[in-house]
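Notes follow once the structure below has been shown.
The values are calculated or read from the model by the stated rules, or taken from the named source; none is laboratory data. Everything numeric in this text was worked out from a predicted model, so none of it was measured. Glycine gets a Cβ as well: all are built from the backbone with ideal geometry, and neighbour counts include every protein chain shown.
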Amino acid sequence: MKARRPLLLCLAILVSTPAAALEPDWRGGHLKLAETLYRLPADSLWREPAGAHPQDHAADLRLRGGLSHGPWELQADYQLLWRDSDLAAGSARLSEAVGGAFTHESAGLPGDDRRAWTLNDTLQARPRGGSVQRLDRLTLGWRSERLVVRLGRQALSWGNGLIFNPADVFNPFDPAAVDTQYKPGDDMLYAQYLQTDGSDWQAVHVVRRDEAGRRAGAVSSSALKWHRFGTRSELDLLLARHLDETLLVAGGSRSLGGAVLRGDLVLADTVGEGWVPSLVLNLSGSWQWGKHNAVGTLEYFYNGHGLGASDYTCVLGNTAQAPGEAVGRCSSQAEALRERLARGELFTLGRHYLAGSLGVELTPLLQFTPLLLANLEDPSALLQLGLRWSLAQDWELLAALSLPLGPAGTEYGGPRLPGGPRASQGEQLFLQLARYF
């Protein structure tokens, strides 16, 4: 209860305002029904507990509303989530084997064990999934002509990566995620100050709880960002303290004819490894392809926290090490990467990646979006063929076929676990029907 008191006090201030002065703000919502079909390789870790063709089922109801009074605004997003996953048993087995590095996200539901405030209510918990109702957004905000301040559960996206985004440490999206409409919210204090030239300062403090359930600075994050607007370019400078690391980020974007060049250089002062650099650089543009509108992106990503192509066993087992590597180096590097994977900050094992995406408007209501993620050291890749179809007013169908390319032992072909099986979910077909209101 103590963890909720600051937010409840802020809400009480707004609620105490006379009802006649409050303006309701109903912002709609959605109902999404999703199905994922898998075809697992014969030596997949999930093959024995889940069978050759497992399925995942999911439902997501979101209702968005709020109240406002002058410069004050209260916003809340209610969520009701349900999951039923054939891969849950395999996920538990895999998590135990590799220390949480390769869990299957559909097997679980979001929780508030590490967030500052408990806004979750678990309705049903089963090995295969369950259901939960929660507030994914709950913020009290105040704004003036140049200043915005928000307290509560909210989402924040920083960085210039379009596919990989090393500068975004607050719940970044998986590069292969199909539905990226909403990021999970975190409990934070956020402020933005707008300068007269259009540039702005942004500051954020994310509060989390440690394993004992106490709010602690060692597991929290603070960041200060300056964003400068120019006539043809933009510049970002970021200083952050994230968990036990200091982050320095310099990035920006620049117009090049009809295209846009973006990038970020991230320096992380890590425990045991010193300053570790990561880099993302992309070029994007739009054009007419015959009678069709098209948008394309080409992106390079260097993951300074990644391992060499022969070192994946360092991540897949606590006692494994790569041939020719010192035990100490292998263990510390693997443990650091395992923790980042488990926290959802990174989604890759290697160091050098090239990604490309293309969006083609086949008709005004149908868009085709192929995506290729390539590990340049394995080599291996993931090819994803996506469709977005507006079926009718407020109805949308998302579909994506994901095809891993590469032999066993590579990142996308399926890294080997000590003992033989590989961490591969094979080919996947994702289908989602959404109704917006």
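Worth pointing out:
Here is a yes/no grid of residues against (1) at pLDDT 95 or above; (2) of a type in the set (S, T, N, Q); (3) over 25 Å from the mean Cα position of the chain (by Cα); (4) in a helix (DSSP H, G or I):
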{"residue": "W26", "(1), (2), (3), (4)": "no, no, yes, no"}
{"residue": "E35", "(1), (2), (3), (4)": "yes, no, no, no"}
{"residue": "P49", "(1), (2), (3), (4)": "no, no, yes, yes"}
{"residue": "A97", "(1), (2), (3), (4)": "no, no, no, yes"}
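- Odd one out for A216, checked against (1) at pLDDT below 95; (2) in contact with a Leu (Cβ under 9 Å, 6 or more places away or on another chain): (2)
- Annotation note: of V206, V219, V249, the sole residue that is of a type in the set (A, V, I, L, M, F, W, C), over 26 Å from D77 (Cα atoms) and buried (at least 16 other Cβ atoms within 10 Å of the Cβ) is V249.
- Annotation note: Cβ proximity below 6 Å between a residue of the range 299-318 that is surrounded by fewer than 18 Cβ atoms within 10 Å (Cβ to Cβ) and small (G, A, S) and a residue that is outside any loop (DSSP other than H, G, I, E, B) and at pLDDT 80 or above (sequence gap 6+ or interchain) occurs for G304/V276; G304/P277; G304/S278.
- Per-region count, the range 145-184, residues under 25 Å from R388 (Cβ atoms) and under 9 Å from the mean Cα position of the chain (by Cα): 10
- For the range 229-244, a residue qualifies if it is of a type in the set (D, E, K, R) and under 18 Å from V204 (Cα atoms), and the qualifying residues are D236, R241, D244.
- Qualifying residue in the range 384-404 (condition: surrounded by fewer than 16 Cβ atoms within 10 Å (Cβ to Cβ) and at positive phi): yes
- Q181 under 29 Å from T246 (Cβ atoms) and at pLDDT 95 or above: no
- Flag for L151 being more than 18 Å from L224 (Cα to Cα), crowded, with 18+ Cβ neighbours inside 10 Å and among the hydrophobic types (A, V, I, L, M, F, W, C): no
- Qualifying residue in the range 262-269 (condition: free of Cβ contacts under 8 Å to residues at least 40 places away in the same chain, surrounded by fewer than 14 Cβ atoms within 10 Å (Cβ to Cβ) and either in a strand (DSSP E or B) or of a type in the set (A, V, I, L, M) (or both)): no
- Test for R215: is it in contact with a helix residue (DSSP H, G or I) (Cβ under 7 Å, 6 or more places away or on another chain) and touching a residue at least 40 places away in the same chain (Cβ under 8 Å): yes
- Residue check, R228 at pLDDT below 95 and of a type in the set (D, E, K, R): no
- Breaking point among (1) under 24 Å from the mean Cα position of the chain (by Cα); (2) at pLDDT 95 or above, for Q425: (2)
- Matching option when the condition is of a type in the set (D, E, K, R), within 30 Å of A191 (Cβ to Cβ), at pLDDT 95 or above and touching a His at 6+ places or on another chain (Cβ under 6 Å), among R62, R134, R143: R62
- Among the residues of the range 114-136, the ones that are in contact with a Gly (Cβ under 6 Å, 6 or more places away or on another chain) and buried (at least 21 other Cβ atoms within 10 Å of the Cβ) come to 1 in all.
- Residue in the range 349-356 that is of a type in the set (F, W, Y), touching a residue at least 60 places away in the same chain (Cβ under 8 Å) and surrounded by 16 or more Cβ atoms within 10 Å (Cβ to Cβ) present: yes
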